[in-house]
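Report on the structure given below.
Each reported figure results from applying straightforward, stated rules to the coordinates on display, with no laboratory input. The model shown is predicted, which means the values in this text are computed figures rather than measured ones. With ideal geometry, Cβ positions are generated from the backbone for all residues, glycine too; neighbour counts draw on all protein chains shown.
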Amino acid sequence: MFQSTYFCERMPEIVEKVRLPKVKAGSLPVMESFYTIQGEGANTGLACYFIRLGGCDVGCHWCDVKESWDESRHPHVSIKKLLDLVKSSPATAVVVTGGEPCMYDLTELTASLKDAGLQTFLETSGSYEITGDWDWICVSPKKFIAPLKSSLKKADELKTIIFNKSDFQWAENNASDVKPDCRLYLQPEWDKREQMTKLIVEYVKENPRWRISLQTHKYIDIP
Ligand code: SF4
């Protein structure tokens with residue numbers, strides 16, 4: 001197990017290494033899919049169908065979906081089947097998350113969703129090149145593998161998880177690379193919410209271009 005203090009103090013990677021997505025024609029590894037309410041970020045409160053892809057190599061020690069990491073543990077589901085699952089719900093918007101969904105080329109998936117008249121929302125760490133046609137891109141950068149500048153430029157929403165005080169500077173560093181109308185959010189890491197929420201409140205009051213994001217789905221105990 002990693003020593004969390006090491007990661008808390010570790011500075012982000014400076015050298016950018018372009019990481020390209022894998023092409024998985026016709027299907028993708030899926031950990032789970034479900035219809036619920038988006039609990040965090042700019043689209044909080046909106047009913048969305050979630051597709052959680054399996055596979056992630058970013059390695060956040062506080063990750064709450066570590067079971068997603070190993071791609072081989074998750075069955076490949078055809079894009080047609082995924083579309084049928086979405087259409088069996090009243091959802092008008094689909095959140096593609098992970099894991100790290102941008103490990104895969106998402107062009108085919110998003111084209112199918114858009115053809116069906118659905119809105120496409122992405123949740124990514126930004127550590128891979130973003131592919132696909134998206135109505136909303138949320139980049140939530142992680143220190144363990146820094147986001148690509150090209151991913152930050154595409155972000156409609158920058159959501160930084162605050163685990164310790166040094167994460168405020170990490171948030172500012174990434175905010176300098178997003179487009180001017182990108183929404184900026186600070187979200188307490190769930191297990192540190194007692195300590196970090198107070199700091200975020202003070203930070204946002206001092207720096208009002210930022211907003212608070214809370215994991216409201218966890219407070220109301222829904223997926
Ligand atoms: Fe977990 Fe997301 Fe970090 Fe991957 S990027 S380890 S899924 S929190």
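Assigning unit charges at the beta carbon (Lys, Arg +1; Asp, Glu -1) and nothing else, what dipole magnitude in debye, to the nearest 20, does the chain show about its Cα centre? Each step should come with its number before you reach the end.
Details: 28 positive and 31 negative charges, 25 e Å.
My answer is approximately 120 debye.
Just to be sure I understand the model, the point goes 7 Å from the Cα along the line to the Cβ. What's the resulting GLU32 to SER88 distance in nm?
1.7
Quick one: among GLN38, GLN119, GLN195, which has the greatest mean-square fluctuation in a GNM of the chain with alpha-carbon springs under 10 angstrom?
Result: GLN195 has the largest fluctuation of those listed.
Work out, step by step, the length gained on full extension between ASP133 and LYS179: first 0.36 nm times the residue separation, then minus their alpha carbon distance; give nm to one decimal.
Details: separation 46, 0.36 × 46 = 16.56 nm, distance 1.79 nm.
Fully extending the segment from ASP133 to LYS179 adds 14.8 nm.
Taking springs between alpha-carbon atoms closer than 10 angstrom, which of PRO147, PRO90, PRO29 fluctuates most in the Gaussian network model of the chain?
The residue with the greatest mean-square fluctuation here is PRO90.
Measure nothing fancy, just the Cα-based angle from helix 166-175's long axis to the longest principal axis of the chain, in degrees from 0 to 90, nearest 10.
60
Decide, for the range 59-170, between rounded, prolate and oblate: order the square roots of the alpha carbon gyration tensor eigenvalues as a ≥ b ≥ c, take rounded if a/c falls under 1.5, and otherwise choose prolate if a/b is larger than b/c, else oblate.
Numbers: a/c = 2.09, a/b = 1.58, b/c = 1.33.
Since a/c reaches 1.5 and a/b is larger than b/c, the shape of the range 59-170 is classed as prolate.
Based on the Cα atoms of the range 75-132, what semi-axes does the equivalent ellipsoid have, where each is the square root of 5 times one gyration tensor eigenvalue, given in whole Å with the largest first?
Working: eigenvalues 74, 29, 22 Å².
Equivalent ellipsoid of the range 75-132: 19, 12, 11 Å, largest first.
If the elastic network links every pair of Cα atoms under 10 Å, which of GLY41, GLY126, GLY59 fluctuates the most in the Gaussian network model of the chain?
GLY59
With axes computed from alpha carbons, what is the tilt in degrees of helix 193-206 against the longest principal axis of the chain, rounded to the nearest 10 within 0 to 90?
Approximately 80 degrees, to the nearest ten.
Are any of the pairs LYS17/LYS159; LYS142/LYS165; LYS159/LYS218; LYS81/LYS114 more than 19 Å apart by Cα-Cα distance, and if so, which?
On the way: LYS17/LYS159 22 Å; LYS142/LYS165 15 Å; LYS159/LYS218 17 Å; LYS81/LYS114 15 Å.
Beyond 19 Å: LYS17/LYS159.
For the chain, what is one quarter of the convex hull surface built on the Cα atoms, given in nm²? Don't skip to the end; give the middle numbers.
Numbers: hull surface 47.5 nm².
Here the figure is 11.9 nm², rounded to one decimal.
For the range 128-191, what does the convex hull of the Cα positions come to per residue, in cubic angstrom? Intermediate values should be presented prior to the final figure.
Working: hull volume 5.7 nm³, N = 64.
Spread over its residues, the Cα hull of the range 128-191 gives 89 Å³ apiece.
Would you mind calculating the gained length between LYS80 and LYS198 on full extension (0.36 nm times residue separation, minus the Cα-Cα distance), in nm to one decimal?
Details: separation 118, 0.36 × 118 = 42.48 nm, distance 4.51 nm.
Fully extending the segment from LYS80 to LYS198 adds 38.0 nm.
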